[in-house]
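Here it is, the structure, as structure tokens.
The values are calculated or read from the model by the stated rules, or taken from the named source; none is laboratory data. All of these numbers come straight from a predicted model, not from anything done at the bench. Reconstructed Cβ throughout: ideal geometry from the backbone, glycine too, with neighbour counts over all protein chains shown.
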Amino acid sequence: MAALPDAEALCAALAAALAPRIGPTSAMIGIHTGGAWVAERLHAALGMREPLGFLDIAFYRDDYDRKGLARDPKRSKIPFDVAGKDLLLVDDVLYTGRTVRAAINELFDYGRPASISLVVLAERDGRQLPICAQHAGARIEVAAGMRLRLKRSEQGRLSLELERVA
């Protein structure tokens, strides 16, 4: 397999691609945890007017009854009214589409945005729902039995890594 792309470079490229579409009704929301890391980078690079929002979709997952809460649940925090906003929903890796479905369900509990565009650092094969990213840093082929993950070092540097699924 070829080397994985540099996550920092992908963030910079996404920011450059998104800049022309940022307007007065634009707002950004990152999905915890990796999507929040990417959203923090993009939000700062784009100098967006609205504060950055965060979603923890744990209660909206379709497997909540089987998995329950994660060990370290985060809080959803959207410090602006989503009604009428053009939202950029940010996640790290788009895989099955189930996380994005849960995030959209939660977003509508906050109000009715004008639009939602999905922004991901990387997308891979294996979609189970008809969901696609409007903006993706990279498309990465991942072998069966492997997972693509975003990691953040203690210094805050982002990197993509493959790990075997247990």
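Which residues, counting only those in region 13-54, are in contact with a helix residue (DSSP H, G or I) (Cβ under 8 Å, 6 or more places away or on another chain), over 26 Å from Arg98 (Cα atoms) and outside any loop (DSSP other than H, G, I, E, B)? Before the answer, list the steps.
Step one: list which residues in region 13-54 are in contact with a helix residue (DSSP H, G or I) (Cβ under 8 Å, 6 or more places away or on another chain), which gives 14-15, 18-19, 22, 28-31, 38, 41-42, 45-46, 52, 54.
Checking which are over 26 Å from Arg98 (Cα atoms) leaves us with 19, 22, 45-46.
Selection gives Ala19, Ala45, Leu46.
May I ask you to list the residues in region 103-126 that are part of a loop (DSSP other than H, G, I, E, B), more than 24 Å from Asp6 (Cβ to Cβ) and in contact with a strand residue (DSSP E or B) (Cβ under 8 Å, 6 or more places away or on another chain)?
So in region 103-126, the residues part of a loop (DSSP other than H, G, I, E, B) come out as 111-114, 124-126.
When the remaining residues are screened for being more than 24 Å from Asp6 (Cβ to Cβ), the result is 111-114.
Answer for region 103-126, where residues must be part of a loop (DSSP other than H, G, I, E, B), more than 24 Å from Asp6 (Cβ to Cβ) and in contact with a strand residue (DSSP E or B) (Cβ under 8 Å, 6 or more places away or on another chain): Pro113, Ala114.
I would also like to ask the following. Spot the failing condition for Asp65; the list is (1) modelled with pLDDT under 95; (2) under 14 Å from Leu89 (Cα atoms), and only one is missed.
Result: Asp65 passes all but (2).
Would you call Glu141 farther than 23 Å from Ser76 by Cα, in a strand (DSSP E or B) and either in contact with a His (Cβ under 6 Å, 6 or more places away or on another chain) or not polar (S, T, N, Q) (or both)?
Values: farther than 23 Å from Ser76 by Cα: yes; in a strand (DSSP E or B): no; either in contact with a His (Cβ under 6 Å, 6 or more places away or on another chain) or not polar (S, T, N, Q) (or both): yes.
For Glu141, the condition - farther than 23 Å from Ser76 by Cα, in a strand (DSSP E or B) and either in contact with a His (Cβ under 6 Å, 6 or more places away or on another chain) or not polar (S, T, N, Q) (or both) - is not met.
Kindly indicate which of Gly34, Gly47 is at positive phi and at pLDDT 95 or above.
Gly47
Would you tally the residues in region 80-135 being polar (S, T, N, Q), surrounded by fewer than 19 Cβ atoms within 10 Å (Cβ to Cβ) and over 21 Å from Pro20 (Cβ atoms)?
Just the residues of region 80-135 that are polar (S, T, N, Q), to begin with: 96, 99, 105, 115, 117, 128, 134.
Of the ones still in play, those that are also surrounded by fewer than 19 Cβ atoms within 10 Å (Cβ to Cβ) are 96, 105, 115, 117, 128, 134.
Applying the additional criterion that residues be over 21 Å from Pro20 (Cβ atoms) yields 96, 105, 128.
Within region 80-135, residues that are polar (S, T, N, Q), surrounded by fewer than 19 Cβ atoms within 10 Å (Cβ to Cβ) and over 21 Å from Pro20 (Cβ atoms) number 3.
Okay, residues lined up against (1) within 18 Å of Glu141 (Cα to Cα); (2) out of contact with any Lys or Arg (no Cβ under 8 Å at 6 or more places or on another chain); (3) modelled with pLDDT under 95:
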{"site": "Val93", "(1), (2), (3)": "yes, no, no"}
{"site": "Val100", "(1), (2), (3)": "no, yes, no"}
{"site": "Ile116", "(1), (2), (3)": "no, yes, no"}
{"site": "Val120", "(1), (2), (3)": "yes, yes, no"}
{"site": "Gly126", "(1), (2), (3)": "yes, yes, yes"}
